[in-house]
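Every read-out reported here was derived from the displayed coordinates using simple, explicitly stated rules and does not represent laboratory data. What you see is a predicted model; the values in this text were computed from it and never measured. All Cβ positions, glycine included, derive from the backbone under ideal geometry; neighbour counts span all protein chains shown.
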Amino acid sequence: MRSSFSIVLRAAFVLGAAVQLGAGAVFSVQALRRVPGDLSTVAAGPAAASSESMRALLALPDLLASVPDDAPVLVVSTLAAVQLEYFVLPRPMLLLQDLPQAWIDLAQQFMPEVVDEVRRRRERLDRSGRLLTDERLVQRVGEVGFVVVAGPPPPGLALVRDRLVPRGEQPGFALFEVRR
Amino acid sequence: MIGTVLGAAFCLLTPVLAGALGWRALGGSGRRALDAAAALVVGPGLVAVQMLVYHALGVPFALPWLALPWYVALGVALVLARRRAAERGYRAPLSAPVLVQGVLLVLLTVGTAVRAFAVPIHDGDEVNNFALFARVFGTLGSLAPERLVALNEPGHVEYPHLVALNQAWLFAFDPDTAPWTARGIEVLALLAFLLAAARVCGGHGWTGTAAFVLCAASPAVLRFAIGFADVRLLATFVLLGHAARDVAARRDPGAPMRLALLAGTAALTKNEGLAVAAVAVAVLAFWVARRARSWLGVAAVAVGAGLCAVWPILRWRFGLHTPYVDHALDLPLSLLVDQAPRVVMFLAGEMFPLAPDRIAVAGVFWWCALPAAVFASRAAHARWLLLAWLAHAGLYLYVLGIARRGDLDALLGTAGPRLLLHTMAWPVLLLGRLVEAGRPQDDEGVTPGSASGQPG
């Protein structure tokens, strides 16, 4: 095989390596350029965060600092796709996620490739009792000591508002203690 | 700040120590770069097994208990190493190509580390697949199956948890800083791949250096180095292929066990790794039964099979399931026939980009590697690598081809390039064979005093 390892193959290797080095350098520079923007987001705090997840990361630790690690927390989320449990752990978390039909219609219009998954997610949430409804909200509030509202408050929150004592607020998030 | 850095370094490097000790106990490969890569890959695998055992025994995931066995083993190894000091061989002199490869390796690792540590983990697959579970394991101090079952829309709860278990060390150390430090394990995985590629393809020649650059500087590798376990799996597959060569060459009695350990590590890393590992262990069992019957070989098969089985058994026992694969076995083969052409066209577009903007994200690895690899496989002893690549690619083609109607585009967009990345392992090994065949015998880069004294 050594004799047939021709000069052509060696040249192809060297040419390919040169192009690859260029491509790798372009990729690395572009990736590193994005970092300063993210760093300034972190430094500026939740209000300037570049995404809802980053906002949760920066806001929730401070907001939840007074909540004991073993206290059950109900998260009422109107945010689209943030894994909020990651930021609430190790506290046991109950979730009520808003996912109205209007979101599926929007996905149909702008991101048709994800419509089926969004629809299935709504079905899964409903089956597991985690899809936000007024009845579930009233029931769940009675099972926890604290409530976090993530995103714009849903209209149904008015039904339980008199049982909730405000304990803090960060951009995009509000913490309430449930009155006993 | 200093305490955080030292603590994170301890959490990240103790598994590497575990890997170095375990790999050396099995004889090692006798090649420094490969042994270092193996330590980086196998170490987290050993730690994952250790934590599964701790869970079974009811020992909490507290850092002192996690680290203690490895430092005791280090003490024993140091005592034994004194006796072996006289057996060490000489080190090959540093050559210009090796220096160039070393500089590139350092630059790529440091650049990736800057990207990794600048922004904390907060979103996407790395939360849904690793960090969410790492926080559960680290802060609750066990696998906490009841907590895993109760997680809210956790994404891939069926995911093997090697990365999450290792990241759990950092969450156990300090849950507040862990989102900033936990990506260290991904930087170490990239380093493992670079070291493995440097040894497999690189060596002391300029042709090898070009091959190394093709593998290492590929944007297809770099873009998935942060946030995913795919580069770790790629590194594991490269080492697995190399270990298979040691087994086939009957290099030393520890070779089958090293292969089993690598297969087990792949099985604990990702479900794709589990599929490949199961095949690897089956082939090893066949090999041991037909060609190399020995108690060590049988033990290696048992260890490999055990490591492949452990997470599926635990998943079944914990009652963990995921909506993503609930219907995977219900789908008809007609769907495969219908969708396979779209999958092939997508993957071909990823492998052979033409436009500069596509080359900047996919690279030109396959343009050079595939023809060269096919050329290299003309040698009988390299054909099995081509066969392995075809089988691996065929498996992925099947999995993608039976994706639910309507999901295929989203699946290709998110998983397609990463699945392609896994299959890079075989062309990397074939490139290594080609480079090796084209260089003089004294250019092997193998220390004559290494474990076996055989060229690699």
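The table for this structure:
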read-out	value
Charged-residue dipole, Cβ positions (Lys, Arg, Asp, Glu), the stretch B:331-441 about Cα centre, Debye nearest 20	280
Within 10 Å of each Cβ in B:118-126, the average number of Cβ atoms from other chains	6
Two-decimal Rg/Rh across the stretch B:331-441, once Rg and the Kirkwood Rh are taken from alpha-carbon atoms	1.04
The stretch A:56-180: C-alpha gyration tensor shape, a/c 1.5 cut-off, then a/b vs b/c	prolate
Other-chain or far-sequence residues with amide H under 5 Å of A:Leu164's (modelled H)	A:Arg179
Relative exposure of B:Arg315, A:Arg163, judged by other C-beta atoms within 10 Å (fewest first)	A:Arg163, B:Arg315
Value at 222 nm in deg cm²/dmol, rounded to 500, when DSSP H runs of n ≥ 4 in the protein assembly as shown each add -39,500 (n - 2.57)	-21000 deg cm²/dmol
Ratio Rg/Rh [Cα only; Rh per Kirkwood] for the protein assembly as shown	0.98
C-alpha center-to-center spacing [the stretch B:280-296, the stretch B:362-438] in angstrom	26
Reciprocal of mean inverse Cα separation for chain B (Kirkwood radius, Å)	22.6
Centre separation in Å (Cα based) which lies between the stretch B:40-59 and the stretch B:1-38	15
Gain on full stretching of the segment that runs from A:Trp103 to A:Asp126 - 0.36 nm per residue minus C-alpha separation	6.8 nm
DSSP-defined beta bridges in chain A - what % are antiparallel, rounded to 5	50
Cα-centred dipole magnitude for the stretch B:12-87, charges only on beta-carbon of K, R (+1) and D, E (-1), debye, nearest 20	260
Contact order relative to length of chain A, as percent, for alpha carbon pairs under 8 angstrom and 6 or more apart	21
Share, in percent, of DSSP beta bridges within the protein assembly as shown that are antiparallel, nearest 5	50
Mean separation of Cα contacts under 8 Å, 6 or more apart, over the residue count of the stretch B:331-441: relative contact order %	38
Protection proxy ranking, peptides B:342-348, B:298-304, average beta carbon neighbours within 10 Å, highest first	B:298-304, B:342-348
Sequence-distant residues sharing a close amide H with A:Leu94 (under 5 Å, placed H)	A:Val73, A:Leu74, A:Val75
